[in-house]
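Enquirer: Sharing a structure below in structure tokens format, with a few things to ask.
The values are calculated or read from the model by the stated rules, or taken from the named source; none is laboratory data. Keep in mind that what you see is a predicted model, and the values were worked out from it rather than measured. Cβ placement follows ideal geometry from the backbone for every residue including glycine, while neighbour counts extend to all protein chains displayed. Just the protein is used for accessible areas: all its heavy atoms, side chains included, with ligands, DNA and RNA removed. Shrake-Rupley method; radii C 1.70, N 1.55, O 1.52, S 1.80 Å.
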Amino acid sequence: MPEPRLLVSLATYNEAANLASLIAEIHNVVPTADILVIDDNSPDGTGKIVDDLKAKDPRIHAIHRAGKLGLGTALLAAMNYAMEHNYDYLQNMDADGQHPPRYLPGILAGMSHYDVMIGSRYCQGGGTQNWPFVRRFMSKSVNLLVRMLFWMPVKDASGAYRCYRVSKLRDAHLERTKSRGYSFQQEVLFRCYKAGCKLGEFPILFENRRGGASKVDRKEALRSIGMILYLGMRNWIGLERAR
């Protein structure tokens, strides 16, 4: 059988310090992977770096957007690109080095049994590195809330290190997604689950950023929790049925 066509998506905003080395690491682990960078007009020149790399390597592709439009819309753009170009798998990663490429073989191997594979911090063998107590508490609390509201059989519903079977994304009604920020991760996983996707997890150690500044926005975090509660209540009362 031919090897599945794999697209790795990286959403970037001011990741000039990390991008070239990360792409090289990804290709060291999965040489046949295509890489799609969705850059939101980074003022640090990330977009120029992408274009320079793209000119030398046909495996690299780019989407340049006019401004900072949000993580959710970037991931949605990657999903639409993967569907339009008939990839088999879409692997999403953060561009800041917190998702080490060394875990890609384990995540991709799981796709022989599952439709979505999550690089999981909270399944057995997973973990976080040097996180303060408040951040660990918030992350685990959000995941507990998601399990209660959406009834999904996963321990880590908020991480972005995931591989999707593209054919199943076509069934997930992505046009119905309401989230545009951090809650996009939980919502898109929920929509995949409603579409009949089998969800799997592979343990990872979530590492600290290698360079640049964190993009965490407290206001967006609060909005995302509100969105999770809204979607969860719709699920509880039967308004989010599979179609």
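Enquirer: Cα atoms only, region 6-46: Rg and Dmax in Å?
Expert: Rg, Dmax (Cα atoms, Å): 10.5, 30.
Enquirer: Does anyone have the angle between helix 218-236 and the longest principal axis of the chain? Alpha-carbon axes, 0 to 90°, nearest 10?
Expert: It works out to around 50 degrees.
Enquirer: Any idea what angle helix 184-194 forms with the longest principal axis of the chain, computed on alpha-carbon atoms, 0 to 90 degrees, nearest 10?
Expert: Once rounded, the angle reads 60 degrees.
Enquirer: So, one more: Compute, for region 7-121, the length of the dipole vector about the Cα centre, with Cβ point charges of +1 (Lys, Arg) and -1 (Asp, Glu) only. Units Debye, rounded to 20. Display every interim value, and only then the final one.
Expert: Values: 8 positive and 14 negative charges, 16 e Å.
For this selection, approximately 80 debye.
Enquirer: While we're here: Just the isolated ones, please: cysteines in the chain lacking another cysteine beta carbon under 4.7 angstrom.
Expert: 123, 163
Enquirer: Now for a different question. If one takes the longest principal axis of the Cα atoms in the chain, at what angle in degrees, from 0 to 90 and to the nearest 10, does the Cα axis of helix 71-84 lie?
Expert: Approximately 70 degrees, to the nearest ten.
Enquirer: Return the subset of 155/178; 178/198; 56/178 for which the Cα-Cα distance in this structure is over 31 Å, preserving the input order.
Expert: Details: 155/178 23 Å; 178/198 22 Å; 56/178 37 Å.
Check vs 31 Å cut-off fails for 56/178.
Enquirer: Shifting gears a bit: Lys/Arg Cβ at +1, Asp/Glu Cβ at -1, dipole of the chain taken about the Cα centre: which of 151, 74, 97 is farthest positive-ward?
Expert: Going by the Cα projections, it comes out as 151.
Enquirer: Size of the dipole of the chain about the Cα centre, Lys and Arg at +1 and Asp and Glu at -1 on the beta carbon, nothing else charged, in debye to 20? Write out the running numbers ahead of the final one.
Expert: Details: 33 positive and 24 negative charges, 192 e Å.
In debye, rounded to 20, the chain gives about 920.
Enquirer: Another question, if that's okay. Tally Lys and Arg at +1 and Asp and Glu at -1 over the other residues with C-beta under 12 Å from the C-beta of residue 4: what net charge comes out?
Expert: Details: positive: 5, 165; negative: 3, 34, 88.
Spelling it out: positives minus negatives among the neighbours equals -1.
Enquirer: Report, as a whole number in µm² per second, the diffusion coefficient that Stokes-Einstein gives for the chain at 20 °C and 1.002 mPa s using the Kirkwood radius over alpha carbon pairs.
Expert: Working: Rh = 18.1 Å.
Taking Rh from Cα pairs, D becomes 118 µm²/s.
Enquirer: Which is farthest toward the positive dipole end of the chain among 27, 163, 47, measuring Cα position about the Cα centre, with Cβ charges +1 (Lys, Arg) and -1 (Asp, Glu)?
Expert: Selected residue: 163.
Enquirer: Can I ask one more? Round to a whole number: what % of the accessible area of region 113-197 belongs to carbon and sulfur, probe 1.4 Å? Show your work: numbers first, answer last.
Expert: On the way: 2120 of 3720 Å².
Of the solvent-accessible surface of region 113-197, carbon and sulfur hold 57 percent.
Enquirer: Count the DSSP beta bridges whose two residues both fall in the chain, then state the antiparallel fraction as a percent rounded to the nearest 5.
Expert: Details: 7 of 31 bridges.
Roughly 25 percent of the DSSP beta bridges within the chain come out antiparallel.
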